[in-house]
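What follows is a short report on a single structure.
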Amino acid sequence: MAATTRRDVMHALLDGYGRTYAQEAGIRLRNAPQPLYRLLVLADLLSARIRTEAAIGAARELAGAGMRDPRRMAAATWQQRVDALGRGGYRRYDERTAAQLGEGAELVTERYGGDLRKMRDEAGGDTDAIRQSLQEFPGIGPAGADIFLREAQAVWPEAAPYIDGKARQGADALGLPTAPAALVRLADGAEPAVLAAALVRVALDKKAPEAVRENARA
């Protein structure tokens, strides 16, 4: 039997874990105000120390309750936001997060007219500047900014390939190179956002590295 190559591992990674978090949350990501705002909300939810499934569920419930854009998020009551978060299983941080979402929605509206593309334009497309601007939103720290950019690179190509520290942890666990350019080459044309998400999923799941290697040997 031929030895397993890094490319075999990469293909097994993408086959098993190659889906973005935006896809999982039901966000059809486009370079448009509403999906970008929903991605910001998702990044806020995912950056807390809570189960990924709860964050995804909460994002779906907020959208299902009509809180899909900053105007509607700000117009909702604090209790309505808490209730939606709770239905998604996001209970540990629900009260604080409900307040942060309301404040963040107001900031998106006041500073960018509800359109996060203006944030990108003000930064001149500079990824580091965008990362700093993202951290001005309540609840969005370095981890949340990384989550947003990992996903947004699908529609903001100037940010690609965005392979942050968490994604590099996943690559290291699989014995793959950690340099973004090398990872992209191994991925054989896979979208960088999909690649980054797959690597993060491996980093967050202790059983995933061995599962990927086993599939790579099959």
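Given a 1.4 Å probe and the protein chains all in place, what does the accessible area of residue 67 round to, in Å² to the nearest 10?
10 Å²
Taking H placed 1.01 Å from N in the peptide plane, check which residues at least 5 places from residue 67 or on another chain put their amide H under 5 Å from its amide H.
So residue 67 has HN proximity to no qualifying residue.
7 Å from Cα along Cα→Cβ at both residue 158 and residue 136: what's the point-to-point distance in nm?
Calculated label separation equals 1.7 nm.
Using a 1.4 angstrom probe with every protein chain in place, what is the largest-first accessible-area order of 206, 166?
Largest accessible area first, the residues go 206, 166.
Lys/Arg Cβ at +1, Asp/Glu Cβ at -1, dipole of the chain taken about the Cα centre: which of 139, 35, 57 is farthest positive-ward?
In the chain, that residue is 57.
In nm, give the distance between the simple-model label positions of residue 92 and residue 77, each being 7 Å from the Cα along the Cα-to-Cβ direction.
Those two pseudo-labels are separated by 2.8 nm.
Treating the beta-carbon of each Lys and Arg as +1 and of each Asp and Glu as -1, no other charges, what is the dipole magnitude of the chain about its Cα centre, to the nearest 20 debye?
With only Lys, Arg, Asp and Glu charged at Cβ, the dipole is about 480 debye.
Given H placed 1.01 Å from N in the peptide plane, which residues other than close sequence neighbours of residue 174 have an amide H under 5 Å from its amide H?
Those lying under 5 Å, H to H, from residue 174: there are none.
For the range 183-188, in order, what is each residue's ³J(HN,Hα) by Karplus, 6.51 cos²θ - 1.76 cosθ + 1.60 with θ = phi - 60°, in whole Hz (x at glycine and Pro)?
For the range 183-188, the Karplus curve yields 5, 4, 4, 5, 6, 6 Hz.
Normalized C-alpha radius of gyration of the chain, against 2.2 N^0.38 Å?
Expressed relative to 2.2 N^0.38 Å, the Cα Rg reads 1.04.
The values are calculated or read from the model by the stated rules, or taken from the named source; none is laboratory data. Remember, predicted model here, so these are calculated numbers, not experimental data. Positions of Cβ are generated from backbone atoms using ideal geometry, with glycine treated the same way; all protein chains shown enter the neighbour counts. Accessible surface areas use protein heavy atoms only, side chains included; no ligands, DNA or RNA. Shrake-Rupley method; radii C 1.70, N 1.55, O 1.52, S 1.80 Å.
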